[in-house]
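Novice: My structure is below; once you've seen it, I'll send some questions.
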Amino acid sequence: MQGYGTGAYGLREPRRVRDLARQYALVPLRIFLGVTFVYAGLDKLTDSAFLSASGPGSIGELMESVRDSAAFPGLVDLGLKSPDGFGYALATGELLVGLGTLAGLWARIAALGGALISLTLWLTVSWQSTPYYYGNDLVYLMAWLPLLLAGAEFLSADALLASRRRRSR
């Protein structure tokens, strides 16, 4: 039968359905990571305690508490030079990465930003989590990698821009 292939468990499924599923497989991941990073950025930007250099719930207090257990204490020391500035940079980065991921605009660059934020948080804040899978930043890092490799070819601003470039040639 033309147009049909063997799916899971030997079931027959239309090739078109299988191709559509393959095309849009990363869209749910994009939505999840985008919403999560937008929320994380907005949550930090609207929390005056977090954006303080010191005090309960502040970025400064958090960095002081993880400094000795971080994989790279020097990275924490760098942030401790200006904790509130680091907090604003982190929150703004999360917000921009999330918006870029949701829109699919410069998707690979957004995914690289998300991966770098997650890597930094894993090597500092989550590093002391034992066993390692209790810390969520490693999972976020791994979730960004497929988006970094594949980009956002469907339902994205990148796809729209690529389509317009092709038509104008």
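Novice: Considering each of Ser82, Ser54, Ser69 in turn, give the residue that is under 17 Å from Asp137 (Cα atoms) and of a type outside the set (Asp, Glu).
Specialist: Result: Ser69 is the single residue among Ser82, Ser54, Ser69 that is under 17 Å from Asp137 (Cα atoms) and of a type outside the set (Asp, Glu).
Novice: Another question, if that's okay. Please work out which one of (1) in a helix (DSSP H, G or I); (2) more than 18 Å from the chain's Cα centre (by Cα); (3) in contact (Cβ under 8 Å) with a residue 40 or more places away in the chain is the condition Gly60 fails and give its number.
Specialist: Tallying (1) in a helix (DSSP H, G or I); (2) more than 18 Å from the chain's Cα centre (by Cα); (3) in contact (Cβ under 8 Å) with a residue 40 or more places away in the chain, Gly60 fails exactly one: (3).
Novice: Another one. Does Ala159 qualify as being within 19 Å of Phe32 (Cα to Cα) and either under 17 Å from the mean Cα position of the chain (by Cα) or surrounded by 13 or more Cβ atoms within 10 Å (Cβ to Cβ) (or both)? If you could, list the steps in order and put the result at the bottom.
Specialist: Numbers: within 19 Å of Phe32 (Cα to Cα): no; either under 17 Å from the mean Cα position of the chain (by Cα) or surrounded by 13 or more Cβ atoms within 10 Å (Cβ to Cβ) (or both): yes.
No: the conditions fail for Ala159.
Novice: Next up: May I ask you to list pairs of residues, at least six apart or on different chains, whose Cβ atoms are under 8 Å apart, with the first in segment 19-47 being part of a loop (DSSP other than H, G, I, E, B) and the second being not aliphatic (A, V, I, L, M)?
Specialist: Tyr24/Phe154; Leu26/Pro146; Asp47/Gly57
Novice: Could you please find all residues in segment 123-149 being surrounded by 15 or more Cβ atoms within 10 Å (Cβ to Cβ), farther than 19 Å from Val97 by Cα and among the hydroxyl-bearing types (Ser, Thr, Tyr)?
Specialist: Result: Thr124, Ser126, Ser129.
Novice: Which condition from (1) assigned to a helix (DSSP H, G or I); (2) aliphatic (A, V, I, L, M); (3) surrounded by 19 or more Cβ atoms within 10 Å (Cβ to Cβ) is the one that Ala152 breaks?
Specialist: Here Ala152 meets the rest and fails (1).
Novice: May I ask you to list the residues in segment 109-134 that are free of Cβ contacts under 8 Å to residues at least 40 places away in the same chain, more than 15 Å from the chain's Cα centre (by Cα) and either under 21 Å from Leu78 (Cβ atoms) or not in a loop (DSSP other than H, G, I, E, B) (or both)?
Specialist: Within segment 109-134, Ser126, Tyr132, Tyr133, Tyr134 meet the criteria.
A short reminder: the numbers here are calculations on the coordinates, not readings from a lab. On a predicted model such as this, the values are computed, not experimentally measured, just so you know. Ideal geometry is used to build each Cβ from the backbone, glycine not excepted, and the neighbour counts take in all protein chains shown.
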